[in-house]
Amino acid sequence: MKLTIIATTILLLTSFVTTAKAENMSHLRQLLSTKSCQQCDLAGAGLVTNNLAGAKLERANLAGANLSQANLAGADLRGANLAGASLNGANLTGADLRGANLAGTDLRSAYLTNANVSGIDVSAAYLDGAIGIPTSLGTADDFYKWGFANWQKNDFAGAVAHYDRSISLNPKFPGVYLARSMAKFRLQNDRGAIEDAMVAERLYFAQADREGTQVAQALIAKIKLASQPTDTNINPGNGNMVDFVTGLSSMLLKFF
């Protein structure tokens, strides 16, 4: 009798698992063939580099799915569960992410330009290197942090873009002006670098931050010296100047 019960239980469990897998595969086939799979169970699905532009995935379960470098431009992901999913390098330009669950979601290097992100929480998501992050998704500190991550990767243009957003949220944050000055200098925008360093100097002075004021003044002097056409020994690629600018990175870390 016991053996019969055990055998029946195993049979039922096997049948349940097989059915569940069949349903998931059915959902996956539906998505790939029609680009429409609302409320589908696609948890853990492998969709790397797939072209899902304009896909209708409202309230779909994509927890743990691998969507790295997938094209999701204009996709409807409202209310989708993307917890733990990888969207590393994915194209989410113009995608609708309202109400999506992004807990632990990997959005590094993803493209988020013009994405609708109303009502989503990215505090537990990974956004380092993401492009076009809407201002509403972060604080001035967040954009400063993301900009510094770009700086560390020598992506100075990306760093400036994040610093711009940080300043738009908090125009009295001297550390961001100092950081943007350094990034602009590495982009050979000496005039912009000096202007930002001067703003940083004024803000540090107003805040009675002696160390910050002195660092900003030193940076201004170094950039002016480097921009002199008669001095061929100091330029953005010169070791001494690069070492000086890179050395200031330790000061920027204190704002994290």
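Just so it is clear, none of the values below were taken in a lab; they were calculated from the coordinates. Just so it is clear, the model here is predicted, and its values are computed rather than measured. Positions of Cβ are generated from backbone atoms using ideal geometry, with glycine treated the same way; all protein chains shown enter the neighbour counts.
Would you grab the residues whose amide H sits under 5 Å from the one on LYS56? Only those 5+ places off in sequence or on another chain, please, with H modelled 1.01 Å from N.
SER36, CYS37, ASP76
Does a label point 7 Å from the Cα of GLN207, set along Cα-to-beta-carbon, have any residues of segment 146-177 with amide nitrogen under 19 Å, and which are they?
The answer is 146-149, 160, 162-177, whose backbone nitrogens lie closer than 19 Å to the label point.
From the phi of every residue in segment 202-210, what ³J(HN,Hα) in whole Hz does the Karplus formula 6.51 cos²θ - 1.76 cosθ + 1.60 yield, where θ is phi - 60° and glycine or proline is x?
Taking θ as phi minus 60°, the curve returns 5, 5, 4, 4, 5, 8, 6, 9, 5 Hz for segment 202-210.
Under the 0.36 nm per residue contour assumption, what length would be gained going from the current alpha-carbon distance of ALA218 and SER136 to full extension?
Details: separation 82, 0.36 × 82 = 29.52 nm, distance 3.44 nm.
Extending this stretch completely gives an extra 26.1 nm.
So what J values fall out for segment 87-99 if you push phi through Karplus, 6.51 cos²θ - 1.76 cosθ + 1.60 with θ = phi - 60°, rounded to Hz, Gly and Pro as x?
After applying 6.51 cos²θ - 1.76 cosθ + 1.60, I find 10, 4, x, 6, 9, 10, 4, x, 6, 9, 10, 4, x Hz.
To the nearest 0.05, what FRET efficiency results for GLN30 and ASP164 with a Förster distance of 45 Å applied to their C-beta separation? Write out the running numbers ahead of the final one.
Numbers: r = 42 Å, r/R0 = 0.93.
After rounding, the FRET efficiency stands at 0.60.
Whose amide H sits under 5 Å from the amide H of ASN51, counting only residues 5 or more places off or on another chain, with H placed in the peptide plane?
Under 5 Å from the amide H of ASN51: ASN71.
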